[in-house]
Structures are given as C-alpha cells and as structure tokens.
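Encoded as structure tokens, the structure appears first; notes follow it.
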Amino acid sequence: MSKQELRIGLIGYNFMGKAHSQAWRNAPLYFEMEAKPILKAVCGRSKDRVSTFAQRWGWEDVETDWRRLIERNDIDVIDVSTPTYLHHDMVIAAAQAGKHIFCEKPFALSSEEAQRMLEAAETAGITHCLNHNYRRCPAVRLARKLIDEKKLGRIFHWRGAYLQSWIVDPNFPLTWQLQAKFAGAGPHYDLNSHSVDLARYLVGEISTVSAMTSRFVTQRPLPAANATAFQGNSESEELGEVTVEDAAFMTVQFENGALGSFEASRFALGRKNYNMFEIYGSEGALRFNLERMNELEYFNGTDPEAAQGFRTILATEPCHEYISNWWPPGHTIGYEHEFTHAVVDFFKAVSSGCPVEPNFRDGVACMKVLEAGLRSANNGSCEAVT
Ligand code: SOE
C-alpha cells in the first residue's frame, strides 16, 4: 500500500452506509487529498445483502463479523455507521487495533460510554471524528465566519428546532430508533444531538438545561427486518412498548450568558427534515433552515434603519467554504455533499495528525448536555451540565 492511500472498513450499509459510501467515492474526485480513500471492505450481518451493497457501491470485499473487519491488517480507518448501541464496542475495539475512526452520531447511549470511547481513542493516539454533517454545510460555515468576525456582536439567543414527522402514524413500526436499549433516547438524542452540536459550534458551551419530553404513542407493531427511520413496514399484529420520548423541548443557558431553546420532534406533520436555527445578537442576527440549505439569512443591525431587514445570502460562491471544489457560482449543493466535506476534513486530520472537529471530545460534551436534558425531564428540575 502506498502512503497516499488509506483503506476504509465500513460497518453498516443502510441510510448512513450509503451516505458515507458516496462520500468516500466522491471525495478524491472533487477535492485534492493527501491520501486517497480505498473502499476496502464493508461489513453487515447478512452476507447476501452486504454483498449486493458492496458490488453496487464499489467496496472490494465484505465481512459479516465486525470484529473480523477491525482485526484486518489491510484496513486503516473504521467507519462506524451502525445504530447507536453498537458504537461503544466498535469504537473501543477499533481504537485498540490502532485504526482511525469516523463515527456516526449520536455518539453513544450515555456520557459514561462516550467518555470511555474518548479515552480509548486518546490512549491509542488515533484520529477520531464524530460525524455531525450539518457543521459542514457551507451556509453553516458562513454563519460561523460571521460570528467570528463579530458581525452579531454579543449573542443573546439561540433558537433551534429539528422537526420530522415519520412516526405520526401510530401504525409505524417499532424500529430500533424507538427503543431506548438501541437508541438511548428518541429525537432528543437523534435530532437534538445535531442542534446541540451546532449550538456549541456557533454559540458556545451550555451550562444548565431544563427539558420536557412526551410520548404520544406508547405501543407500536413490531417491525419487519428491514424497517428503519422514514421507511417502516410491519409483518406482525404484535405490539411492543415504545421506550423513548416522541418529542423533547429544552431550554438552556450558555456559559456566555446567552439563552437557548431546542425543539426536537418526530410528530411535526408537514416537517420532513426541518433543521432550523436562529441566532440573535447585539449587532445582527442569522437564520438557517436546512430545507433551503444553500441560503443563510443575515440581519445587519448596523444598516441604516430605513434599509434594515433580513437579507438572503446564497452560500454558493467560490468564496464560501468547500464550494469552489464543486460547481460554478450559484449551482447549489445538497445534503450528501456535507458527508463528502466531512470525510475530506477527516482525511486532512489523519494526514496532518491535527485534530478535526467535531471529534469524540465534542461527543462527550454533547452527550452531557443531552443527558442533563433527560435528567431534567425526569426530575422536573433545572440541571447543571456535568
Ligand atoms: C433520522 O431521524 C435521521 O436520519 C437522523 O438520524 C439523521 O441524523 C438526520 O440527519 C436525518 O434524520
């Protein structure tokens, strides 16, 4: 193997496995990379299904046991794209085997797990990346740039909402995302983890949390083998307990004194994947909505009063991060591009030895905020993030 190649072992081949596969394939076509990703092997429990996937996406080989994949000495990087409950053991084994790790969110079932995963990665000295893809949307990078340039002045408020509707139907089956033993929590982990990551990236650390959760449907039909988020079918009359919340609303105080609110729900009819935030400061304000992901709205409080108003900036120009690698000005990009940006940045970190963000340290910080939210919802109290 030449040093200019890093060989990937992917675990999981559903929604995220697909999103990551296209990223590994596209990254060297559009970006200058010090090392080229080689799609070495993909792992899944069903030999037939994983083989079909491997053939379609250009993976050289397949494994059906993730421990065997991690043990292989022709693999440099482990990509964990599985349900949350598997992350801990896979990450620890991969770190102990000296592999660099690219891991899907939410990071873990608990902050204790997360802490152990971070320690294993740091002890092994490997490069670790937690994939919160929305940080790598050019409009979000622009938001961060404007904040760094003090265009918002002192930040007073974060207002975030991540709303979906794929389980409004009570007959939608009990997929792994609706069971605490597999997912840890419901939209609070799945969706609020993204929003908390963005809020930490754009506003800062969160110190106290107050939250409420609700479960609107308590039992659901057992799922068919291939049922997952957004795509549910059931082959059973039998019902099982929903063991996670269906919606979680949380208010927070940031260390810098700003106040924030987070809404996460899978019961917001009409909202498919509505990931929105607004940030209000003393000099300006920002609005982002994933449904219009190529745009950032910016209010400049120092504009002459008569000309004030939110302006829509198209983050599709060569001056915007990542864009010059894609299309000519104005040609817009989509959801999948964020994953390509993430693997490009991760590979830069592997090649340079410098850390990439978000990483497992961010994963621990995010889990602590989310856990404080669950404690608050259970106790009816305001909780410190510890
Ligand atoms: C399901 O709610 C899901 O696929 C999340 O798990 C992803 O992180 C989000 O980007 C889209 O919705």
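Every read-out reported here was derived from the displayed coordinates using simple, explicitly stated rules and does not represent laboratory data. The model shown is predicted, which means the values in this text are computed figures rather than measured ones. Cβ coordinates were reconstructed from backbone atoms using ideal geometry, including for glycine residues, and neighbour counts include every protein chain displayed.
A few notes on this one:
- Size of region 184-239 from its Cα atoms: along the principal axes, largest to smallest, the extents are 47, 22, 14 Å.
- Global geometry of region 79-169, whether rounded, prolate or oblate, following the gyration tensor of its Cα atoms and the 1.5 cut on a/c: oblate
- Relative contact order of the chain, defined on C-alpha pairs under 8 angstrom at six or more residues apart (%): 20 percent
- Across q = 0.12, 0.16 Å⁻¹, region 5-134 modelled as identical point scatterers on its alpha-carbon atoms has Debye log10 I(q)/I(0) values of -0.41, -0.74, in the order of the q list.
- Listed by chain and number, the aspartates and glutamates whose C-alpha is less than 16 Å from the C-alpha of LYS348, apart from same-chain residues fewer than 8 away, are GLU5, GLU32, GLU34, ASP76, ASP79, GLU321, GLU338, GLU357.
- For region 5-134, the relative contact order comes to 23 percent (Cα pairs under 8 Å, sequence separation of at least 6).
- The chain: C-alpha gyration tensor shape, a/c 1.5 cut-off, then a/b vs b/c: oblate
- Each of ILE323, ILE101 has some number of other Cβ atoms within 10 Å of its Cβ, and from fewest to most they run ILE323, ILE101.
- The mean of 1/r over all distinct Cα pairs in region 269-386, once inverted, gives the Kirkwood hydrodynamic radius of 17.9 Å.
- Other-chain or far-sequence residues with amide H under 5 Å of LYS36's (modelled H): GLU5, LEU6
- Whole-Hz Karplus values for region 93-104 come out as 5, 5, 5, 5, 8, x, 8, 6, 10, 10, 10, 6 Hz, taken residue by residue from phi with 6.51 cos²θ - 1.76 cosθ + 1.60 and θ = phi - 60°; glycine and proline positions read x.
- Gain in span if fully extended, THR123 to ALA307, counting 0.36 nm per residue against the direct Cα distance: 60.7 nm
- When the C-alpha to C-alpha distance is required to be over 29 Å, the pairs from LYS47/LYS272; LYS272/LYS368; LYS36/LYS181; LYS18/LYS99; LYS36/LYS150; LYS99/LYS368 that qualify are LYS47/LYS272; LYS36/LYS181; LYS36/LYS150.
- Estimated vicinal HN-Hα couplings, Hz - region 361-373 in sequence order (Karplus 6.51, -1.76, 1.60; Gly, Pro = x): 5, 5, x, 5, 4, 5, 4, 5, 5, 5, 5, 4, x
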